[in-house]
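Scroll down for the structure; my scribbles are underneath it.
The values are calculated or read from the model by the stated rules, or taken from the named source; none is laboratory data. Bear in mind that the values here come from a model prediction, so they are computed numbers and not experimental data. Ideal geometry is used to build each Cβ from the backbone, glycine not excepted, and the neighbour counts take in all protein chains shown.
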Amino acid sequence: MIYDVIVVGAGPAGLAAAIYGKRAGRNILVLDTSSFSGGQILSTYEIDNYPGMPGISGEDLASAMRSHCEKLQVEFARGRVTSIEDKGTTKELITKKATYETKTVVIATGASNKKLECPGEEELSGVGVSYCATCDGAFFKDKIVAVVGGGDVALEDAIYLARFCSKVYLIHRRDEFRGAVVLQEQVKSSDKIQILFDSTVEEIIGQDKVEGINIKNKNTDQIERIDLDGVFIAVGNIPNTGSIKGLPKQDEAGYIIAGETCETSVPGIYAAGDVRTKQLRQVITATSDGANAITSIEKYLQN
């Protein structure tokens, strides 16, 4: 059987692509490594910036998207794609147990947050530990938080959180920031942001929610506890592309190079969501990518 579209990944971008593809009358298969659709939003306790659905949990939003697909009778299968082979007018997607043939491919495998790998991080993820300040920051109004990192994202997060948090600790393991100078100046001029250079988070403390952190000064080896309500980790992302051979061109970080049309360097292969090069990685931009990918696919198949 030859599909019109195979979508690799069942996060918001992949599910949106499946919905738009099915509504266009296309034969769609969604391949994912998990039986639970949703991607990163499954680990988000509450989403407050998805239009029209304030306060919805990540799990509920993912479930609603999956139900929408099922209502349209989208076909799902489990499998980890290890290779994509370009056969010209068709592509072959190879998994451990099967090989699938399709006219077009939407790669929507997403990205993963880099972790601190410290005690408490995994256990308190979603209940005080966050990897997205713009997603979760509003829940910490008038509270004390920490941002961990030293690049543009960490600096931007600290500036953003300082608008409504009572205090923001900005913790960086080096003695200077890597972020843009203009951002550094804004951080240093804020009376709400306290910078802690040469410091690492050794442990995130709490039972049902974050209650504090232990940080270590690299110069003195001294460990200090800071009581706070939230920890925003901004030490980078990793695109989920490392295990697939035959991908289109990627940038130095491993993101698939594609613009708003989601077209890649290989005709018939499209990249949508967090896995592609883009400015903003949010649920709303992922779903719009899914729609754009199918729009491009329609033009490709018609030609």
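One line per residue, one yes/no per condition, for (1) at pLDDT 95 or above; (2) of a type outside the set (Ser, Thr, Tyr):
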{"residue": "ILE195", "(1), (2)": "yes, yes"}
{"residue": "THR200", "(1), (2)": "yes, no"}
{"residue": "GLU211", "(1), (2)": "yes, yes"}
{"residue": "ASN217", "(1), (2)": "yes, yes"}
{"residue": "ILE226", "(1), (2)": "yes, yes"}
{"residue": "VAL231", "(1), (2)": "yes, yes"}
{"residue": "SER243", "(1), (2)": "no, no"}
{"residue": "PRO248", "(1), (2)": "yes, yes"}
{"residue": "ILE256", "(1), (2)": "yes, yes"}
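So which of SER130, SER125, SER57, SER63 ends up being out of contact with any His (no Cβ under 7 Å at 6 or more places or on another chain), under 23 Å from GLN279 (Cα atoms) and not aromatic (Phe, Trp, Tyr)?
SER130
If you scan segment 21-48, which residues turn out to be assigned to a helix (DSSP H, G or I) and modelled with pLDDT under 95?
Hits for segment 21-48 are GLY39, GLN40, ILE41, LEU42, SER43.
Looking at the structure I just gave you, is ASN27 surrounded by fewer than 18 Cβ atoms within 10 Å (Cβ to Cβ) and in contact with a Cys (Cβ under 8 Å, 6 or more places away or on another chain)?
no
What are the pairs, 6+ residues apart or on separate chains, where a residue within segment 7-29 that is more than 14 Å from VAL283 (Cβ to Cβ) has its Cβ under 6 Å from a residue that is of a type in the set (Lys, Arg) and part of a helix (DSSP H, G or I)?
Note: pairs meeting the criteria are ILE28/LYS22.
Which one of these does GLU117 not meet: (1) loosely packed, with under 14 Cβ neighbours inside 10 Å; (2) over 20 Å from the mean Cα position of the chain (by Cα); (3) over 30 Å from ASP4 (Cα atoms)?
Among (1) loosely packed, with under 14 Cβ neighbours inside 10 Å; (2) over 20 Å from the mean Cα position of the chain (by Cα); (3) over 30 Å from ASP4 (Cα atoms), GLU117 violates only (2).
Restricting attention to segment 152-168, does a residue exist that is under 14 Å from ILE204 (Cα atoms), of a type outside the set (Val, Ile, Thr) and either assigned by TED's automatic domain parsing to the domain that holds ILE41 or surrounded by 15 or more Cβ atoms within 10 Å (Cβ to Cβ) (or both)?
No, segment 152-168 has no match at all.
Just checking, does segment 254-270 include any residue being of a type in the set (D, E, K, R), farther than 20 Å from VAL145 by Cβ and surrounded by 14 or more Cβ atoms within 10 Å (Cβ to Cβ)?
Yes.
Is it the case that LYS115 is basic (Lys, Arg), in a loop (DSSP other than H, G, I, E, B) and free of Cβ contacts under 8 Å to residues at least 40 places away in the same chain?
no
Which one of ALA108, ALA98 is at pLDDT 95 or above and more than 16 Å from the chain's Cα centre (by Cα)?
The unique qualifying residue is ALA98.
Exactly one condition in (1) surrounded by fewer than 17 Cβ atoms within 10 Å (Cβ to Cβ); (2) assigned to a loop (DSSP other than H, G, I, E, B) is false for GLY179; which is it?
(1)
Against the definition (charged (D, E, K, R), over 15 Å from ILE284 (Cβ atoms), modelled with pLDDT under 95 and part of a helix (DSSP H, G or I)), how does GLU70 come out, yes or no?
In short, no.
Given (1) under 25 Å from ILE233 (Cβ atoms); (2) in the same structural domain as LYS278 (by TED's automatic domain parsing), where does GLY120 come up short, assuming only one miss?
Only one criterion is unmet by GLY120, namely (2).
Which one is nearest to VAL187 (Cα to Cα), of the residues in segment 135-170 that are aromatic (Phe, Trp, Tyr) and outside any helix (DSSP H, G or I)?
My answer is TYR169.
Do we have any residue at all in segment 220-230 that's buried (at least 21 other Cβ atoms within 10 Å of the Cβ) and β-branched (Val, Ile, Thr)?
no
Being more than 21 Å from ILE284 (Cβ to Cβ), of a type outside the set (D, E, K, R) and at pLDDT below 95, is that true of even one residue in segment 128-148?
No, every residue in segment 128-148 fails to be more than 21 Å from ILE284 (Cβ to Cβ), of a type outside the set (D, E, K, R) and at pLDDT below 95.
Within segment 90-105, count every residue that is more than 16 Å from SER34 (Cβ to Cβ) and touching a residue at least 24 places away in the same chain (Cβ under 8 Å).
9
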